[in-house]
Amino acid sequence: MYKSIFRPVLFWFSPESVHHFVVNSLKFLFRIPGAERIINKLTQVNDPRLEKEVFGLKFKNPVGIAAGFDKQAELYNELSNFGFGFIEIGTVTPKGQPGNLKPRLFRLPPDKALINRMGFNNGGVNNAVKNLKKRKTNVVIGGNIGKNTLTPNSEAINDYVLCFEELFDFVDYFVVNVSCPNITDLHELQDQDNLVKILGKIQEINHTKIQPKPVLLKVSPDLNNKQLDEVIEIVRLTRIDGVVATNTTISRQNLQTDDARIKEIANGGLSGKPISDRSTEVIRYLAEKSGKAFPIIGVGGIFTPEDAIEKLNAGADLVQVYTGFIYEGPFIAKKINKALIKKQ
């Protein structure tokens, strides 16, 4: 019903307008008495065979929703009712910022893809904390953190540290995001020396806490093998807990969408089906080259149970959806989880 009725109607409107409509609709829906119970019955798969323990956290199932959908930490309670084992909020920056100029989010239906250049639009870390204080769900919550656009790279470490400190008591794990292609010069922070400084400082603070939180690094699909080797070395040097593979790509190869439309959209990060194979390649390389030395959250082009299983077989411990959630609808986690049970 979602793909035959609701999605065609929603796709008549701009992606960002639809996103705001969905956010407001879900907030309204879950205020209706009995709605939460009905949604849970339709979308949840509760089975102990799905439970996983990864980087010291217990997940009721391995299917999560990636950062970007709930940037403001305003919808995680509602999203937790759609069968996800974990939800990653953000990217959160120290100060609120509007992001890049609109339009900045584009659908590519022939490719089952999105291009976005949102630019870390969010209400800032204090706003995220305010929303996280309203937490009702026991689903694992991750915090994806970044730097403000106007913060020079030479001072970026301060932004990451501030977000880490402020969010520490309110999220279960952290993801350091230096791989988003929509922040000017952010890619420079993927340099090994910069990353060791940033992650090393966060870990230094982390280990002063009574109960340190897992810290992960989100990597780009556009890294070459030498750079992926550096990622493995960075994980070893900083002793972070894992990697999220992968972010969106700047590549535009092998798209079905008309070239003129792609040129019209111009820059931005591509997500969805076109990135699926490359994401899996990165996961497999990191897992095999490191000897599975650290956990990996696999994300990129997951639309079907088969896509998720492919990521898990390549070496991912958990998987996340984002674009697939938009194209496939609210039962995507249920479908994947049922297939995972059947596969056992």
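Quick check on the stretch 166-196: of everything there that is without any contact (Cβ under 8 Å) to a residue 12 or more places away in the chain and over 25 Å from Lys130 (Cα atoms), which residue is nearest to the chain's Cα centre (by Cα)? Residue satisfying both the conditions and the ranking: Asp191.
Taken as a whole, the condition of being over 24 Å from Ala308 (Cβ atoms) and part of a loop (DSSP other than H, G, I, E, B) applies to Gly99. Residue count for the stretch 253-277, restricted to those that are among the charged types (D, E, K, R) and either crowded, with 23+ Cβ neighbours inside 10 Å or touching a strand residue (DSSP E or B) at 6+ places or on another chain (Cβ under 7 Å) (or both): 1. Going by the structure shown, is Ile183 of a type in the set (A, V, I, L, M, F, W, C) and in contact with a helix residue (DSSP H, G or I) (Cβ under 9 Å, 6 or more places away or on another chain)? No; evaluated as a whole, the condition is false for this residue. The single residue among Ile115, Ile157 that is among the β-branched types (Val, Ile, Thr), in a helix (DSSP H, G or I) and either surrounded by fewer than 21 Cβ atoms within 10 Å (Cβ to Cβ) or in contact with a strand residue (DSSP E or B) (Cβ under 6 Å, 6 or more places away or on another chain) (or both) turns out to be Ile157.
Taken over the stretch 19-78, the criterion of being outside any loop (DSSP other than H, G, I, E, B), in contact (Cβ under 8 Å) with a residue 12 or more places away in the chain, polar (S, T, N, Q) and farther than 18 Å from Tyr327 by Cβ is satisfied by Asn40, Asn77. Within the stretch 75-104, restricting attention to residues that are in contact with a helix residue (DSSP H, G or I) (Cβ under 6 Å, 6 or more places away or on another chain) and farther than 29 Å from Ala156 by Cβ, the residue that is surrounded by the most Cβ atoms within 10 Å (Cβ to Cβ) is Phe84.
When the stretch 320-340 is filtered for residues that are farther than 16 Å from Pro274 by Cα and β-branched (Val, Ile, Thr), the ones remaining, listed by number, are Ile332, Ile336.
Here's the yes/no breakdown for (1) surrounded by fewer than 18 Cβ atoms within 10 Å (Cβ to Cβ); (2) at positive phi; (3) of a type in the set (Ser, Thr, Tyr):
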position: Gly142; (1), (2), (3): no, no, no
position: Lys147; (1), (2), (3): no, no, no
position: Leu150; (1), (2), (3): yes, no, no
position: Cys163; (1), (2), (3): no, no, no
position: Val175; (1), (2), (3): no, no, no
position: Thr208; (1), (2), (3): yes, no, yes
position: Pro221; (1), (2), (3): no, no, no
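Summed over the stretch 296-338, residues that are crowded, with 24+ Cβ neighbours inside 10 Å and assigned to a helix (DSSP H, G or I) total 8. Annotation note: Cβ proximity below 7 Å between a residue of the stretch 320-334 that is farther than 13 Å from Ser80 by Cα and of a type in the set (Val, Ile, Thr) and a residue that is modelled with pLDDT of 95 or more and part of a loop (DSSP other than H, G, I, E, B) (sequence gap 6+ or interchain) occurs for Val321/Ala66; Val321/Ile302.
Restricting the search to helices (runs of 4 or more DSSP H) fully inside the stretch 179-272 and requiring at least 1 residues that are under 26 Å from Ser154 (Cβ atoms) gives 192-206, 225-238.
Okay, residues lined up against (1) within 16 Å of the chain's Cα centre (by Cα); (2) touching a residue at least 40 places away in the same chain (Cβ under 8 Å):
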{"position": "Ile157", "(1), (2)": "no, yes"}
{"position": "Phe164", "(1), (2)": "no, yes"}
{"position": "Glu204", "(1), (2)": "no, no"}
{"position": "Ile210", "(1), (2)": "no, no"}
{"position": "Lys218", "(1), (2)": "yes, yes"}
{"position": "Lys226", "(1), (2)": "no, no"}
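The values are calculated or read from the model by the stated rules, or taken from the named source; none is laboratory data. Predicted model, so just to flag it, every value in this text is computed and none were measured. Glycine gets a Cβ as well: all are built from the backbone with ideal geometry, and neighbour counts include every protein chain shown.
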